[in-house]
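Below is one structure; the comments refer to it alone.
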Amino acid sequence: MPSHILSIPNRHPSDSSSLYSFPTSPATTATTTTMFFKAKEQDEDDPTTSLLLSSSSFKDDDDNNTNNNNNNNNNMVMPIKPLLSRASSFTTTNDKNTLTTASPYFYQKRRRRASSQDSLPSISATATATAGGGDHRKSSFGGDVRHVASETFLLTRLGLKMLTYLGVGYKWITRFLALGCYAVLLIPGFIQVGYCYFFSSQIRRSIVYGDKPRNRLDLYLPRNNDGPKPVVAFVTGGAWIIGYKAWGTLLGQQLSERDIIVACIDYRNFPQGTISDMVADASQGISFVCNNIAEYGGDPNRIYLMGQSAGAHIAACALVEQAIKEAGEGESTSWSLSQIKAYFGLSGGYNLYNLIDHFHSRGLYRSIFLSIMEGEESLHRFSPEVMVQDPNIANVACLLPPIVLFHGTGDYSIPSDASTSFSETLKRVGVKAEAILYEGKTHTDVFLQDPMRGGKDDLFEDLVGYIHAGDAEARAKDETAPPRRRLVPEFMLKLAHIVSPF
């Protein structure tokens, strides 16, 4: 970008009221002096300012020096400290005489920095652990309370943001009333799970995996450290608008009780980001798990990828995009599909063309959905079921890991046909895949109500069975594992099933 010169008239050095004064040599007197400030090129965010002194003439005791230096001294650049703060920069509009106080690029960077406040505390504020459960710094009670407050604020803001974008019509007023009743009925379980999330020594919260806002993940570690553990990298759901890593707390706690490490990956939501940002964040989180999980006692050769609802769609997109990169020539990647043992999709949607009208009827309106998905022209790219059939990338399917899709037949948020159709498509193109359906289960039954019921539930046992397949010792422990404790009374769970807006 060309430099821009701002002329500032200079008072005579002898004027006592002058705001700025510059020392002059006894032998040199400036007769006509103009000051200019010049911004450093190609760095609008942190302009370095230089002072340009242009003089019409200089008197010097040595005439020879005057003659030799007339041309050189007309423009002398003297670096000084900027008169403006680092947050300011100059640019010009179409009218060269008109100045604006900040460039669009600068405001864009300011927005990115401001949006990083959506992120929760970084790893420096979180206790870290070494492989084998080494020593870690315990946060004070006051620090934990502040963390709870910050998380509560974020969750409240996410809810209000969703309400803002979905509107306040009759349909959404009734949905939010139902959601309120649903949350109240499950609050005994939420309190217990929340307490464990904030105060358990087995959870490492907000580990930084990237440099973008909300590039954080939570790790749920087993209590024993008798060898490397299998790992589940989990991408939570939330309609692409209110996704949050803490939504995987219940699953993370219960899987860690079966000696399985769970990494719940957070990512940017709409409107902070669109679908390509979400997929990029998820892929970077997966890369972090693949390359660093051994430091936390995980087995890098037994990593499973899992997503729920919108998270299942995002994770599937990340898998397909990674396969395309690996199939291409000369494409550098930070992780490999060969590191993923299997993909588990829970209540996900994988063909956006088939879902856009359904979502519109459910209140996720077409205009909002297309904004999230970056326009109708991007539906093809972000529909994994469509992408694996694309003849231009026919060699991609063979790189995908085994895929298992779980879905309840009573799911009204995303019909179970989404999983069965994707499974059949994957089989046709040569991918090992299967769909497992749970009769009468809704979108939240398989993920919330059943785990809060305690005891055994089919989804959890199926999931653990796949992860521990081939590990006789782990399967033997699963057979003798105590039943999960109940978190919510049965009558409240049944009422929650009835009033659930999902």
Using alpha-carbon positions, the gyration tensor of the stretch 345-434 gives root eigenvalues a ≥ b ≥ c; with a/c under 1.5 called rounded, otherwise prolate if a/b exceeds b/c, else oblate, the class is oblate
Summed over the other residues with a beta carbon less than 15 angstrom from that of GLN389, with K and R at +1 and D and E at -1, the charge totals 0
For 422-428, 236-242, 343-349, 407-413, ranked highest to lowest by mean beta-carbon neighbours within 10 Å, the order is 343-349, 236-242, 407-413, 422-428
Of all DSSP beta bridges having both residues in the stretch 218-297, the percent classed as antiparallel (nearest 5) is 40
Candidate cut points under GluC sites (Glu not before Pro) in the stretch 296-373, DSSP loop plus at most 11 other Cβ atoms within 10 Å of their own Cβ, are GLU329, GLU331
Percent relative contact order for the stretch 247-299, counting Cα pairs under 8 Å at least six residues apart, stands at 25
Expressed as a whole-number percentage, the relative contact order of the stretch 379-502 with C-alpha contacts under 8 angstrom and at least six residues apart is 23
Surpassing 18 Å at the alpha-carbon level, of the pairs LYS212/LYS341; LYS245/LYS477; LYS229/LYS341, are LYS212/LYS341; LYS245/LYS477
Expected field for ILE173, accessible surface area in Å² at 1.4 Å probe radius, rounded to 10, holds 90
So, with points 7 Å from each Cα along the Cβ direction, the ILE498-ASP462 label distance in nm works out to 2.8
To the nearest 0.05, the calculated FRET efficiency linking HIS380 and GLU439 through their beta-carbon distance, R0 being 35 Å, is 0.60
If the label point sits 7 Å along Cα→Cβ of ALA469, residues of the stretch 421-443 with amide N under 11 Å come out as 432-434
The correct ranking of CYS264, CYS196 by accessible area at 1.4 Å, largest first, is CYS196, CYS264
To the nearest 0.05, the calculated FRET efficiency linking TYR412 and VAL184 through their beta-carbon distance, R0 being 22 Å, is 0.60
Net charge near GLY348 (other residues with Cβ under 14 Å of its Cβ; Lys, Arg +1; Asp, Glu -1) is -3
Those GluC sites (Glu not before Pro) from the stretch 356-405 that are DSSP loop and have at most 16 other Cβ neighbours within 10 Å turn out to be GLU374
Within the stretch 430-502, DSSP-loop GluC sites (Glu not before Pro) with at most 12 other C-beta atoms within 10 Å are GLU439
In whole percent, the fraction of accessible protein surface over the stretch 312-361 that belongs to carbon or sulfur atoms, probe radius 1.4 Å, stands at 43
Summing +1 per Lys or Arg and -1 per Asp or Glu among the other residues with Cβ less than 13 Å from GLU295's Cβ gives +1
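The values are calculated or read from the model by the stated rules, or taken from the named source; none is laboratory data. Predicted model only: the values in this text are computed from it and were never measured. No Cβ is skipped: glycine too gets one built from the backbone with ideal geometry, and neighbour counts run over all protein chains shown. Only protein heavy atoms, including side chains, enter the accessible area calculation; ligands, DNA and RNA are left aside. Shrake-Rupley method; radii C 1.70, N 1.55, O 1.52, S 1.80 Å.
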